[in-house]
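The values are calculated or read from the model by the stated rules, or taken from the named source; none is laboratory data. Since the model is a prediction, treat every value here as computed from it, not as a measurement. Please note: Cβ atoms are built from the backbone with ideal geometry, for glycine as well, and neighbour counts cover all protein chains shown. Remember, those area values only see protein heavy atoms, side chains included, never the ligands or the DNA or RNA. Shrake-Rupley method; radii C 1.70, N 1.55, O 1.52, S 1.80 Å.
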Amino acid sequence: MIRDLYNVRVQPEEGGSMPLTEEEEQRVRAVFFSDLGNTIAERGWVRFPAYSPEERRRLVDVAHRLSAHWGQQVFIEALDQCTMKLYLAGHGSQPASPLLP
């Protein structure tokens, strides 16, 4: 007997990840903008894990959006191979060399 499968996604290979849909991506960026932005506003910096290039690009985009929203530069740097730091001027270890263009 053959069965039709509806709304089934192919599982990624071991160690791989599935890309988010456009709606999921917008939701994730909105949550990051809000949560990370609130933390940065409170203490001037935040560390956040980023295990893949997509996650790092997402955090860079959030830093750009926060910079535009606040009217001041939000810097971003890689602390190690799986952690990024977003911070305002005066709260980072290397504010003279941000990763933002």
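Across the stretch 70-84, the number of residues qualifying as open to solvent by 40 Å² or more (accessible area, probe 1.4 Å), under 15 Å from G44 (Cα atoms) and of a type outside the set (A, V, I, L, M, F, W, C) comes to 3.
Only one of the numbered conditions (1) in contact (Cβ under 8 Å) with a residue 24 or more places away in the chain; (2) open to solvent by less than 30 Å² (accessible area, probe 1.4 Å) is violated by P49, and that is (2).
In the set (1) modelled with pLDDT of 90 or more; (2) open to solvent by 50 Å² or more (accessible area, probe 1.4 Å); (3) aromatic (F, W, Y), the condition left unmet by Y6 is number (1).
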